[in-house]
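Data first, discussion second: the structure below is written as structure tokens.
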Amino acid sequence: MTKHLSKLWVVLLIAFFCCALWGSAFPMIKIGYQQFGITESGPGAKLLFAGVRFFIAGILAWCAGSLSARKPLLPEKGDFKRIAVLSLFQTILQYAFFYIGLSHCTGVKSSIINGSGAFVVILLTTLVFRMEKLTPKKLIGCILGFAGILVINLGGDFSGFAWNGEGFIFLTVLSYACSTIFIKKYTAQGASPVMLSAYQFVFGGIVLAALGLAIGGANEQWQISGDGIGTLLWLSFVSAAAYSLWAVLLKHNPVSRVAVFGFLNPVCGVLLSALLLDEQGQAFSLQAVAALLLVSLGIFIVNYEVTSKNLM
């Protein structure tokens, strides 16, 4: 089975599924805020919401991984440090910034800014971690991508830049980029990608929930309903499935080969935000379409290479 994970059509299908799941998270989180009555609440309630989501996601990933392996997924001695580092960047920092930022930024704009993650990965791998060289092709792609970020923040309905909105969404991107590099590093050392995802989600969920409780998240007037619980379970499934599958792809493919499909992430996020949040005017405006095209083209130019053997 693992030999098929390097075939282009398999990578495409799995990556598209992951991006569709991630894209649904942007509008569904906002819908979840409404269903639980915490849209206007402070950060404590949102962090508590995130913590419960990721704790459940970790349990789901652990159960699925254990059933697949036909034995309990248990970390080895050297895995505890890896889990802590991954949890810090992939869950705690990334989603603390994301959940707070999303409450001060539209789903469409958040989706497009989030699309810059591939460029930040490239800058970190070339300029900080020195894992790759910064080639002209990569530089052109980065320029196009960040041009898209600038376009989405120009006048009209897109005016203004809030440090706790767009700023936090970009810090989310930075945390995501760091987690991608560490996932590749740790799985290359032999660690199970599903095991890492499961335990880091559980640990990160506990930390986020604790932070939410510490700053008054439980004091809000929560509205518990079947719809809200259903949304929470869906978001948990999104995390468990998408991150575990993405980590598997990173283990069996070069980072750049997987990252090329990241252009689907902002596409899915924008379209699903338009459909579910009634943001059609912003989603299909000239600015949004131009920004989306720039981000997508940049990711594609940075990573795409035509090789006949990759088509098999």
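What the table below lists for this structure:
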item: Single residue of Ser256, Ser273, Ser236, Ser244 found to be of a type outside the set (Val, Ile, Thr), open to solvent by less than 40 Å² (accessible area, probe 1.4 Å) and farther than 21 Å from Phe201 by Cβ; result: Ser273
item: Only listed residue being among the polar types (S, T, N, Q) and under 22 Å from Ser175 (Cα atoms), chosen from Ser87, Ser68, Ser6; result: Ser87
item: Any hit, the stretch 107-127, residues being under 16 Å from Tyr186 (Cβ atoms) and open to solvent by 60 Å² or more (accessible area, probe 1.4 Å); result: no
item: Restricting the stretch 196-217 to residues that are hydrophobic (A, V, I, L, M, F, W, C) and surrounded by 24 or more Cβ atoms within 10 Å (Cβ to Cβ), the residue that is farthest from Asn253 (Cα to Cα); result: Leu208
item: Qualifying positions in the stretch 229-282 - of a type in the set (S, T, N, Q), farther than 14 Å from Ile112 by Cβ and in contact (Cβ under 8 Å) with a residue 40 or more places away in the chain; result: Thr231, Ser236, Ser239, Ser244, Asn253, Ser256
item: Number of positions in the stretch 237-253 that are of a type in the set (Val, Ile, Thr) and under 14 Å from Ala191 (Cα atoms); result: 1
item: Hey, Ile59 aliphatic (A, V, I, L, M), open to solvent by 50 Å² or more (accessible area, probe 1.4 Å) and either in a helix (DSSP H, G or I) or more than 19 Å from Ile215 (Cα to Cα) (or both) or not; result: yes
item: Some residue of the stretch 71-82 being open to solvent by less than 60 Å² (accessible area, probe 1.4 Å), at pLDDT 90 or above, not small (Gly, Ala, Ser) and not in a loop (DSSP other than H, G, I, E, B); result: yes
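Matching residues to (1) under 22 Å from the mean Cα position of the chain (by Cα); (2) open to solvent by 10 Å² or more (accessible area, probe 1.4 Å):
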| site | (1), (2) |
| --- | --- |
| Met28 | yes, yes |
| Ser41 | no, yes |
| Phe55 | yes, yes |
| Leu86 | yes, no |
| Ile100 | yes, yes |
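Residue-wise test of (1) modelled with pLDDT of 90 or more; (2) closer than 27 Å to Leu271 by Cβ; (3) not in a helix (DSSP H, G or I).
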residue	(1), (2), (3)
Ala96	no, yes, no
Gly101	no, yes, no
His104	no, yes, yes
Ala118	no, yes, no
Leu134	no, no, yes
Cys142	no, yes, no
Val151	no, yes, no
Gly167	no, yes, no
Leu174	yes, yes, no
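The values are calculated or read from the model by the stated rules, or taken from the named source; none is laboratory data. Predicted model only: the values in this text are computed from it and were never measured. All Cβ positions, glycine included, derive from the backbone under ideal geometry; neighbour counts span all protein chains shown. To get the accessible areas, we keep the full protein, side chains included, count just its heavy atoms, and leave off ligands, DNA and RNA. Shrake-Rupley method; radii C 1.70, N 1.55, O 1.52, S 1.80 Å.
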